[in-house]
Structures are given as structure tokens and as C-alpha cells.
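Every read-out reported here was derived from the displayed coordinates using simple, explicitly stated rules and does not represent laboratory data. Given the structure is predicted, the values throughout are model-derived calculations rather than measurements. So basically every Cβ, Gly included, is an ideal-geometry build from the backbone, and we count neighbours across all protein chains shown.
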Amino acid sequence: VESRLCQDGGKVKPRQSCILGFSTRASSLFLDDGAESFGFDSEGHFVGAGQWSQEQLYSPFSPYNSVYGVLLNLDPSSPNANTVSLFRDGVRISKPQPVPEAMRGQVLYPTINYKNMTLHVNFGPSSFTTMPFACRMLQDAAAADIEAAAAAKAKASAKQEVLFPVGLPDEGTFGWLDDFLKENPQYSELSNRSLLNWGLKSGLYRKAGAWSNSNDSPLMDFGVRELDDYSLLSTLQQSLAPMLQRDYVVMQVKNNLLAEERKKALTSYDGDSFKRVAVVIMGEPPEAFKAKARSQALEAKRRKVGDEVRKEKEAEAQARKEKRSVAVADKHRAAAEKKAEEAEKAEGEEGAEKKDEEAEPAEEPEEDIEAAVKKAEEAVQLTAEEEKAQWFLQQSSEDLVKKDLGRSFASFSIPDKAEGFDEVRYAWQDAPKAAEYLKAWISERKLTQRVEDIQPGAYFKQMHEEWQVKLAEWKRRHGESRAARWKQPVTKRRKVHEKKKEEEKKEEDEEKQERAEKKEEDEEPKAEDETKEEDGETKDAAAKEAEERKEVEEEEVETEESQIKLDDVEPFRVEDINDIGNGQPLYANFTWEDWIMANLRFELHLLVHAYRIDLNDEERPSFGEAHLQHYYQKYFRKTFTSKNFGVASNLELIGLIKDTLEALPKNNILEAQLAEDTPMDNFIRLAEDHRRERQQAYDAGDEMAKLNLQREAHPQAGGGGRDNRQRMPPQQQQQQQQYGGRQQHGYGAAAQHAMPQRGFDGGHHAAPPGYPSRAPAYGVPAGHHPVPYGYGAMPSGMPSQRVGAGTAQGSRGPAIGQPARYGP
């Protein structure tokens, strides 16, 4: 094991280290730790009261045969009184260094810290080397200069105590321990925290970027396996500590709160040698503890305000300084220009009257920044609410990492003598109040602490699979409905065109017949002509009447169906969402955004109910919105991001689907608005109702009603990637580069990938004649007809000349990127 130097941050690692000095009875065993110790180290530096000398005061220790001695001068008549010096082989090698003020007049103990070396220590009565003056060794010290303390004799019946503090995470557990050890220094702390401090004080160097992730299990990162994997603490508790007759405090926050772990720990300490005591630290702490916490909070608040004021005042001072610099520069430039003009006028004449230089602009008195900071800090006070809420000391690190807390907090319990304890003490509140406090604490955490090991159950898997099947079927019907609706205006136009041609042909035939009849008037008898004319008129009238009757019947059917309009139908009064009565589905006007919102409603509805069913805990009916991403990942095996839905937070997203889910105002716990057995088609109804509300708000001028969803990249049929792109025809490759998506063959879905959608919900795209004004147009700019571009199969009955380039083999239409036009 290599140590580090004090100044270089561990860049240089000497193989051996040693510090010779003195310390007080209450000080740390490490000479560089605390205000009551000092000494000379083997690298040439002096440390006193925790402060190291900036420069090297002497040469580093030489190995093997050198004799080093420390001279402590407490003679009040000496010019070097209350100083300490270092000697090598009887020669002083450092100037006398002052004894720290806090240590003067106290009893001092010789102290040695060493590592990776063997020392031969000599306390007298004679020295190993000759000194240039008379000096008494420690063993030969005068009775007036020493204070002899008799070693404490252990009573045969007395037992050493081993304490197990049982306190809740981040509620003053380590604060109580620090105060206890300060009042009872005979106790030794056994914890990972103490091992970390031990390693640092022993000269071990942590790797760059190491940080303490929790007080209970801090990140060691020393590069020493036994320390880094926390196995050294177990070794100390099971082997070394029980052999030594000392008082211990076993500080492990999580293990001391779990009954099984407490029982395991007790087995290391024999009841014949140790008194095993559980100390419960729960509930409201004493007033002295709360006062200390409030004092710390006030100091932190004042420090924050002071930093802000200092930053503001320094910025103002810098601005004034720059302003003065500009003013001085302007003055100097103006003076130089004026002097040059006067020199020209004087034309070299001597004896010109010398003018006084302009005085520099008077500097504004600088404001004392530190005085302003001090004044601002003194004005800061805690409010009544802050004082009432401040029970525990603020810590830079949490006691337990969130993952460990989430996995174990439901099993936390108060110790009992039945577990093997000789005594159970209550440091803050009595047993009933502590038990009540723990129960309330666990109940609150069940609502706010996430469950780490939750897994989807049978209910979730069944419902999710059923939803996927139905959603795919609804989308298929949606595509078919769109294709059928686009064929209707084309068929009507064709019928009108054919009818017009028939009428023109009929008129032409009638004119021909009239001319023929006029020519034959003189050749045939009048009676016969009249008979034929009557017969022809009768036949024509009958045919005309039959045709008109057929047209009337067709118009009646069309009129009956056209009377049912989608926007006039109430979503929750439709019996079948696949047919509202005219062959259209309720979701006929859905865009990709509406499908996403319908799916979102169902997934979050299912997630909340599945969480409740899988945990089967009355105190955990749901979870907080802050843990939505965690549980969504656990159940759906994919990430969840609110920003993909055009909002900044989970609460804003829940506001979009408040008909399905709400966050309770007190603690933001999610509450399902629909029953567990709600029919799945209700989520389609809700999505349609929401689409209409957004459309109406947008039509009224509310720009905020527009959704801002991010469209997911859907897998393309036939595979994607470079290989598939290379098999495309050249025109389709060009189109893919232009619109950023590969076209699929077929109708409906192909238009979705042709071009990014513009506008809102498809409701503001111009539609062809006969198509509803709110019909969605997948991937089509406003004013264009939403038909597929590029290579694709045509819907039956649609003329190939009415679509874009390449829609039918051999056809020639407009270039790729131009809108397809309807017309004869």
C-alpha cells in the first residue's frame, strides 16, 4: 500500500511514510487530523493543528541508520519556549516550530504515525546519540513535568457495550452518532463511513472522480479489494472486534432496521462479554438537536444570500471600473487632440502659456463588498414554517441510495428483546410513539418511494396483448374506410359524365329522327306516320320513366346514408365504433396523432391498474407521477418521455388525458378515472371526443389547442436500410431522399410515409369535392389531394391518369412532388 503526500494530491506516492510528534488525550490518533496535534513528517514538512508547511523545512528522512529525535521545549525561561524541533543524529535540522495555541498548557502525549517501515522507538532514560546540550528523555522526566495516569482496571463482572443505533434514513441518525461519540469517546464506531475516513487519514488515495454516494455505503474506490467491496467491515465485526475488550457502535442504517440482519449481527458478540443494546432513534428529536439543525439551516441560507450579494457587488464594481477606464481614455484622447491643435496655432512659438492639465475624473468611493455581504447575511432569518420543518441536520450525502431504500423500507421494524438484545433504549421518543412514527413513515414512503423489483403480472400481459390485436384491427379498418371514401367522388363524377354523354347522344338521335321523319312525310300515309309516332313516343316515355325511377331510388339511398354525419354523432352513443350507421367507423377522421393519444390513454390506464393488482397492497393504490418513467419501463420495456408528446413534464401530459388519468393535488399520486374493466373501445371514443374539442378550439383561433407530438419511426414493410433502398426504382429513391421516408405499396398507409403532415389534425387540408371538410389528409400539404405518390398500387376504379407519376404502368402524369389533379 502506497501513501500520498499532503500537498500534491497524490501525484507522488512515497513507499514509506512517518510522522513524529505530540497529541492530546482527546485528539485523533492521526497527527494531521484536528487542532490538537502536531509533528514532523518523513518528507520534510511540519504539520500543526491540521495545517501543513508550504515549503520543505528539512531533507526527507534517510533510511536504516539515522536517529531522529523530537525536542519539546516547555521551559518558560527559554527563548524557544513552547516550541518543538527536529534533530537527526544529534543535530538540529529544522527551526523551532511553535506549539499550537490550543495545545499549550495541556498534557501532551508522544505520538508516532508510520507505514511501510520498521522503527526502533526510544523513550529513554538515555538517548541513542549525543546531544549538544543537556536534555532529559521522557522516561527520565521530572515529576513536576509529567502527569501519570493509572491504567483503568476492568471489573471482572463488567461487560463492554455494543450499541446498534436504529434510525430512519436521512432523519438525524448520523447526526445523533456524531454527538454521541463526542460525548463518549471510549466508543469505537464500526461502519463503512469510519473505514473510509480511516483509509483517507492513513494516506490511501481515492481514484479521480470518486464521490460518496451514501453515508451507509460510501464509494471507497481505493483500489484495495477488501475496502472497495465492504468485506473489511464484516471481517472486523466477525473476527477482530469481538476479541478486543472495547465499547462499540455498530452503525449500519439499513441492516439495523431489518430484523433478520440484526439477528445475524448479534451472533458476533458473545453475551458473556458484551452487553448488546439497541438504541432506537425515531420520532421528534429533542429541542437541542432541533436547535442545532435550525442553526445549520440558517447558516446555509445566509451563506447562499451572501454569495449572491457578493456576486452582484463584484459585477457592479467591475462595471464601474470599466466605465471609469472608458471615461479616462476619452479624456486623454480629447486632451491630446486639443494639445495638437494648440501646437499648430502656436507654429513653434516658444514661451506659450502653459495650461493646467485637466484633472482626472474623481473616482467614486468603492463600496466595501465584505461589509455589504455581512449586512445582507445578518438580515437573513428563518421563517416560522422553516423553523417548524427543520428537525434534522442537512447532509451532503443521503444515508441510503434510493434503490436500496426502495427494496427494503417496507420491512423496516423496531427491535425487540426477543431478537437477542439485552436492552432496547429509546433515545428520542418512547416505544408507542416511535412505533406509530415508523408506521406513518412507511405508509408515506409506499406512496412516494418507487418499487425496484416489480414485474408485470398475468392481468397486464393479457390486457396488453388483447389491446394490440384490437388496435391493429381498428387501424386496418381505418385504412380500408379511407380508400373506399376516396373512390366515392370519382364514381359520382363518372356517372355524371356518362349521363351527360347519354343525354347528348339522345338529343342527337332525336334530331336525326326528326329529319328522317320530315323526309318521309310525303312518301308514307299520314295515318301510318301517326301510328308509328305514337308507338315511338310511348316506348321512349316508358324507358325514360324507368330510368328516372331508378335514379330516384339511388338518390334516396344516398340521401338516407348522407343524412348520418360523423361530426353529428355522439361518440358514447354509437353502438359499434366500426360503423356509425353509414358504413363509416367512428375513427374515420383519425390522424396518426389521434392513434397515439388513444394508445397513450390505454397504456397509462392499464399501467395504474396493473401496478395496484401486482403489488396487492392497500397502502399502495397507485404511484406518483415522478415515477411514471420507471414503471412504464418496467411494464412496457421501452422508455417514456413526456417531451415526445409536446409537453415539458408528466403533469402537463396528464392534463391532456384528464378523462383517463389525474394526479392528486396533495402528492401527485396518479388516479385512474376509468374502471379496471372499462371496454377498450371507450379509449377510441375518448380520443375522438378529444379530437373534436381540439378542432373546435383551433377553429375558434386557439393556437394552443394544436398537438405537438413527435412521430415515431415505424418499421417499413419489406425491410429497410441500405440494402432495401438499393432495390428501389430510381424515382422512388429520389422521392425517399426528398421526403425522408420510404413509400409502401398500396393505398392509405402509403400516403402516411410520403410527406410530413402539415396543418392540424387534417382538418384544415382542402378536400376534393364530396369529401368531408374535416377529413384527415395523411402526409399531404394543405390544398393538395391526399393520394399516393411514386410507385404504388391504385385503388380499384380510379383512373390512372388522375394520379402522380408512376402510379400505373405506362401512365404519364405530373412529375414527382406535384399534386395529383382530378378531372376528365
For the range 190-206, Karplus couplings with θ = phi - 60° (6.51, -1.76, 1.60), whole Hz, Gly/Pro x: 10, 7, 5, 5, 5, 5, 4, 5, 4, x, 5, 6, 7, x, 6, 10, 7
Going by a ≥ b ≥ c, the root eigenvalues of the Cα gyration tensor, does the range 395-434 fall in the rounded group (a/c under 1.5), the prolate group (a/b larger than b/c) or the oblate group? prolate
What is the sum of charges around residue 266, taking Lys and Arg as +1, Asp and Glu as -1, for the other residues whose C-beta is under 15 Å from the C-beta of residue 266? -2
Would you give the gap between the C-alpha center of the range 312-336 and the C-alpha center of the range 217-240, rounded to a whole Å? 60 Å
Quick one: which residues, 5+ away or cross-chain, put their amide H under 5 Å from the amide H of residue 188? H built at 1.01 Å from N. 247, 248, 249
If you plug each phi of the range 682-687 into the Karplus form 6.51 cos²θ - 1.76 cosθ + 1.60 with θ = phi - 60°, what whole-Hz ³J(HN,Hα) values come out, in order, with x for Gly and Pro? 5, 6, 6, 4, 5, 5
Links exceeding 30 Å between C-alpha atoms in this model, out of 446/638; 433/666; 254/417; 207/313, come to 207/313
Which residues' amide hydrogens lie under 5 Å from the amide hydrogen of residue 166, considering only partners 5 or more residues apart or on another chain, with H built in the peptide plane? 279, 280, 281
If the chain between residue 630 and residue 383 were fully extended at 0.36 nm per residue, the gain over the current Cα-Cα distance would be 85.3 nm
Using the Karplus curve 6.51 cos²θ - 1.76 cosθ + 1.60 with θ = phi - 60°, what ³J(HN,Hα) values do you get for each residue of the range 403-409, in whole Hz, with x for Gly and Pro? 5, 5, 5, x, 7, 10, 5
Peptides 659-672, 570-583: what's the order by average Cβ count within 10 Å, highest mean first? 659-672, 570-583
